[in-house]
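Scroll down for the structure; my scribbles are underneath it.
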Amino acid sequence: MQKKLIGFMAILIVAGLVYYIFPFNSESNDHAMEISEEEAEADSLVMLPPPEPEMLFGLVVDSLDVLESKIKPRQNLGQILTSYNVSFPVIDQLARIAGEVFDVRKIRADKNYTVLLDRDSAATARYFIYEPSKEEYIIFQLKDSLAVMKGEREITITEKSLTGVIESSLNESMIKAGASPLLVHSLADVFAWQIDFYRVQKGDNFKVIYEEKSINDEPYGIGRIIAAQFQQSGTDFYAFQYDQGEGLSYFDEEGNSLRKAF
């Protein structure tokens, strides 16, 4: 009897220790659930990629100040760079390095340029970028190692169409319809042998399919005229561009060249 009592007491002690060490209550269950939810949320987190660096002319400019301006009349490379703490020996060496890449004497007034400056008390130029055209730019590297490089912007070509009715002249009507002066000249050149544009009349109409060039989503010029139609006094004239192996030329709907021989 005494042995049974001792055994029973031992079972109670063990049970008490288990309950003390591993308390089975709702709070502990809730706590465990919270931990598991936090762990699951942590596991579901996705590491985001680092932000893309800010680029300009193919150069990282995150740590540089950007200054944009235009070339003034009679202003040259030396006058510009000396105002940004670039020494004359460096400017002279740059002019020599430029060589066939770019002749610094051809810098022209009203052209855009950009200076990338170090963010220090001296605000010294690190790069000078000159834009001879909207398509091209010249990079002058002024620190570390001197260099002169030519770059080109990406040109996007989009096919577009334009229609209109002559009210007074071809030029005025096309400009009113949204054409550029270059497109007016190009269309007149296509039909130069077929149509006397000095005799166009009110009610004549046109349609032209052409390529528009753009840089950074900003139109700046036109490419080739793909096809065109002009109706003068009820007569239709057509032009289709085609390459017969001797370069692009224009033909009518029957395949005849629009360039008549003298």
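The values are calculated or read from the model by the stated rules, or taken from the named source; none is laboratory data. Values in this document were obtained by computation on a predicted structure and should not be read as measured data. Cβ placement follows ideal geometry from the backbone for every residue including glycine, while neighbour counts extend to all protein chains displayed. When the accessible area is computed, the model is the full protein with side chains, heavy atoms only, and any ligands, DNA or RNA have been set aside. Shrake-Rupley method; radii C 1.70, N 1.55, O 1.52, S 1.80 Å.
Can you tell me which residue in the stretch 191-224 is most open to solvent (accessible area, probe 1.4 Å), limited to those that are part of a loop (DSSP other than H, G, I, E, B) and under 22 Å from Gly247 (Cβ atoms)?
Top of the filtered list is Trp193.
For the stretch 46-140, which strands (runs of 3 or more DSSP E) that fit wholly inside it have 1 or more residues that are of a type in the set (Asp, Glu) and touching a strand residue (DSSP E or B) at 6+ places or on another chain (Cβ under 6 Å)? Lay out the reasoning, then the answer.
On the way: elements: 64-70, 112-118, 125-130.
Those strands (runs of 3 or more DSSP E) span 64-70, 112-118.
Go through (1) touching a residue at least 60 places away in the same chain (Cβ under 8 Å); (2) open to solvent by 20 Å² or more (accessible area, probe 1.4 Å) one by one and return the number of the condition Ala147 breaks.
The one condition Ala147 does not meet is (1).
Restricted to the stretch 66-120, and to residues that are open to solvent by less than 70 Å² (accessible area, probe 1.4 Å) and hydroxyl-bearing (Ser, Thr, Tyr), which residue is farthest from Ala147 (Cα to Cα)?
This residue is Ser69.
Are there any pairs, at least 6 apart or on different chains, whose C-beta atoms fall under 6 Å, with the first in the stretch 150-162 and over 24 Å from Ser173 (Cα atoms) and the second of a type in the set (A, V, I, L, M) and assigned to a loop (DSSP other than H, G, I, E, B), and if so, which?
Lys150/Val101
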